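One structure below.
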Amino acid sequence: MALALRSAGALAQRTGVAGLLAPRQPHAATAGRWIGSIFQSPTRIAGAVGFGLLGLLNDLLEQAILRAVPKQRTSHSKKRMRMSNKGLKNRKDIVPCPGCGRPKLISQICKNCYKNIKHTLKDMKRAQEQQES
């Protein structure tokens, strides 16, 4: 890392953009000259972007990407311990239906009982239509 920063600093000095990479804090008397020296030359700014800053960013990104790997392989036991919490858990909201005794969710009507009620209502409706006609 230090080598990359040194080489970027040396490159900045050779291209004449060293002041743009590491600006000093201006004194009150020289503040106007310092700010004016940055913005007076567009070629100097373009040189900083073209050589110094982009090269520095590329070096930093390459090193960060290359070093973003685990130091050791995750062992089988560590992997299994991490995955142990993903297993199935017992449901506590399943109860027997009071009408037929089959399992159902607490907040829902039993499918079997609903089917029976639906059939009886349909039969009652048919019988009523037959009586009217």
Restricting attention to the stretch 74-97, does a residue exist that is part of a loop (DSSP other than H, G, I, E, B), surrounded by 10 or more Cβ atoms within 10 Å (Cβ to Cβ) and either of a type in the set (Asp, Glu) or modelled with pLDDT under 70 (or both)? no
Does the stretch 98-114 include one or more residues that are assigned to a helix (DSSP H, G or I), aliphatic (A, V, I, L, M) and open to solvent by 70 Å² or more (accessible area, probe 1.4 Å)? no
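The values are calculated or read from the model by the stated rules, or taken from the named source; none is laboratory data. All values derive from a computational prediction rather than experimental measurement. Neighbour counts are summed over all protein chains in view; Cβ atoms, including those assigned to glycine, are modelled from backbone coordinates with ideal geometry. Only protein heavy atoms, including side chains, enter the accessible area calculation; ligands, DNA and RNA are left aside. Shrake-Rupley method; radii C 1.70, N 1.55, O 1.52, S 1.80 Å.
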